[in-house]
Amino acid sequence: MARSTALVEHQALMQALLQAGGNKARAARLLHIDYKTIQSKVKKYRIILNQNQNYENQAQPR
C-alpha cells in the first residue's frame with residue numbers, strides 16, 4: 001500500500017510541476033502544500049527540473 005501511495009504522490013507532484021512550468025512555489029500552491037515540503041519531495045523522488053519543462057526522475061517511487 002505504501003508503494004501505491006508514493007506513486008500517486010509522485011504523479012501528483014509531476015503534474016503540478018508541469019502545470020506550474022517548473023515553478024516549485026506555484027506547484028506547492030496548486031497542491032496546497034508548503035514550499036519546503038515540495039522541495040523535499042523533489043529531492044526524495046530525484047526529480048530534475050530543466051528549462052525545457054521536461055521533468056525526469058531517476059528513481060521510481062518507493
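Points worth noting:
- For segment 2-57, a/c is not less than 1.5, where a ≥ b ≥ c are the root eigenvalues of the C-alpha gyration tensor, and a/b does not top b/c. That puts it in the oblate class.
- Near THR37: Cβ cut-off under 13 Å, other residues only, Lys/Arg at +1 and Asp/Glu at -1. The net charge is +4.
- Residues whose amide H lies under 5 Å from that of ALA20, counting only those 5 or more places away or on a different chain, are absent; hydrogens are built 1.01 Å from N in the peptide plane.
Read-outs throughout are calculated quantities, based only on the coordinates presented, and are distinct from any laboratory measurement. All figures in this text were calculated on a predicted structure; none of them were measured in a lab. Backbone-built Cβ (ideal geometry, glycine too); neighbour counts: all protein chains shown.
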